[in-house]
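Q: This structure is in structure tokens; I'll ask about it shortly.
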Amino acid sequence: MKIDINCDLGEGEAPTRVRALMKWVTSANVACGGHAGSLHSMDYCVRMARGYGVRLGAHPGFADRANFGRRHHDIHPADLELLLVQQVSALEKVARDGNMKLHHIKLHGALYHAVESDSGLATCYTDTVARFWPKVVIYATPEGRVAQMARFAGVTVWEEAFADRAYMSDGTLVPRSVAGAVLGNSKEIVLRMRELLDGGGVETLSGGRLQLNPKTICVHSDTAEAVRIVRALATELG
């Protein structure tokens, strides 16, 4: 299978931008009412995904629209379980109405990182997916805690790399507040991802090399050159 290109969508971007990105990505992570998203945006994304043959995924996050779900909040496993059931089920209902099935779940922003860094939350997350959506794929950090727990729970994992974000030497993303954290040059990004997929790893902020083996590559829809980036990746790596 060619490399999957996933993109976070339904987060308030214009419908024309959603359509432009859907033309090139192969997986859409749709915001489902937490950090962003509405029934209208979910419905539109479902229809666009169906029309372009894009895999449909849920993109749950902290219910913190003021900070776009990118600020950390302490969360109890029971509250995480409820958050997942509420948000993923919302998109699932819209998808069913649009004759689509959920393919994957990918956590958003601060929730993605909080669950990855806490074994109790990771266990809760993967057990909840295994209980309610056992056939759905989890998109997660390569060789991370969530990937390990998901496999233990019998859930399929697609490990991902971030095309438009810089990496620290420990495999975490460079904070957005740091200069150079978000990448935007499509030609450089294609070369970077080709080298990664060829086994050469990806250069970190400190100049070292980080070895990853992704099955999916993420581009954020709010990255300024997102459309150009996904088009270049699909053309050069597809």
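The values are calculated or read from the model by the stated rules, or taken from the named source; none is laboratory data. Nothing here was measured: the structure is a model prediction, and the numbers come from that model. All Cβ positions, even for glycine, are placed from backbone atoms using ideal geometry, and neighbour counts span all protein chains on display.
Q: Within region 52-91, how many residues turn out to be assigned to a loop (DSSP other than H, G, I, E, B) and small (G, A, S)?
A: 4
Q: Which number in (1) over 16 Å from the mean Cα position of the chain (by Cα); (2) within 21 Å of K215 (Cα to Cα); (3) not basic (K, R) marks the one condition that M48 misses?
A: The number of the failed condition is (2).
Q: Could you list, in sequence order, all residues of region 78-102 that are basic (K, R) and either touching a Lys or Arg at 6+ places or on another chain (Cβ under 9 Å) or touching a residue at least 40 places away in the same chain (Cβ under 8 Å) (or both)?
A: K101
Q: With respect to R65, is the statement that it is over 17 Å from S89 (Cβ atoms) and modelled with pLDDT under 95 true?
A: Against the criterion (over 17 Å from S89 (Cβ atoms) and modelled with pLDDT under 95), R65 does not qualify.
Q: Kindly list, by first and then second residue, each pair from a residue in region 14-42 that is over 19 Å from H104 (Cα atoms) to a residue that is in a helix (DSSP H, G or I) and among the β-branched types (V, I, T), limited to pairs with Cβ atoms under 6 Å and residues at least 6 apart or on different chains.
A: Partner pairs satisfying both residue conditions: A20/V227.
Q: Looking at region 117-149 only, could you name the residues that are closer than 14 Å to D79 by Cα, surrounded by 17 or more Cβ atoms within 10 Å (Cβ to Cβ) and touching a residue at least 40 places away in the same chain (Cβ under 8 Å)?
A: L121, T123, C124, Y125, T128
Q: Say we look at region 50-77 and pick out the residues that are touching a residue at least 24 places away in the same chain (Cβ under 8 Å) and aliphatic (A, V, I, L, M); which of these is nearest to A31 (Cα to Cα)?
A: Step by step, filter region 50-77, then rank; the result is A58.
Q: How many residues does region 5-52 hold that are surrounded by fewer than 21 Cβ atoms within 10 Å (Cβ to Cβ) and among the acidic types (D, E)?
A: Number of matching residues: 2.
Q: Among the residues of region 214-226, write down those that are surrounded by fewer than 20 Cβ atoms within 10 Å (Cβ to Cβ) and assigned to a helix (DSSP H, G or I).
A: Residues satisfying the conditions do not exist here.
Q: Conditions first: (1) within 21 Å of V136 (Cβ to Cβ); (2) touching an Asp or Glu at 6+ places or on another chain (Cβ under 8 Å). H220 passes all but one, so which condition is the exception?
A: (1)
Q: Against the conditions (1) closer than 17 Å to H108 by Cα; (2) surrounded by 20 or more Cβ atoms within 10 Å (Cβ to Cβ); (3) touching a Leu at 6+ places or on another chain (Cβ under 8 Å), where does V157 fall short? Just the number, please.
A: Checking V157 against (1) closer than 17 Å to H108 by Cα; (2) surrounded by 20 or more Cβ atoms within 10 Å (Cβ to Cβ); (3) touching a Leu at 6+ places or on another chain (Cβ under 8 Å), the one that fails is (3).
For (1) under 14 Å from A95 (Cα atoms); (2) of a type outside the set (A, V, I, L, M, F, W, C); (3) in a helix (DSSP H, G or I), each residue gets a yes or a no:
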{"residue": "D8", "(1), (2), (3)": "no, yes, no"}
{"residue": "G12", "(1), (2), (3)": "no, yes, no"}
{"residue": "R17", "(1), (2), (3)": "no, yes, yes"}
{"residue": "L21", "(1), (2), (3)": "no, no, yes"}
{"residue": "V30", "(1), (2), (3)": "yes, no, no"}
{"residue": "A36", "(1), (2), (3)": "no, no, no"}
{"residue": "Y44", "(1), (2), (3)": "yes, yes, yes"}
{"residue": "R47", "(1), (2), (3)": "yes, yes, yes"}
{"residue": "R50", "(1), (2), (3)": "yes, yes, yes"}
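Q: Under the condition of being surrounded by 12 or more Cβ atoms within 10 Å (Cβ to Cβ) and among the hydroxyl-bearing types (S, T, Y), which residue from region 169-186 is nearest to the chain's Cα centre (by Cα)?
A: Checking each candidate, the answer is T172.
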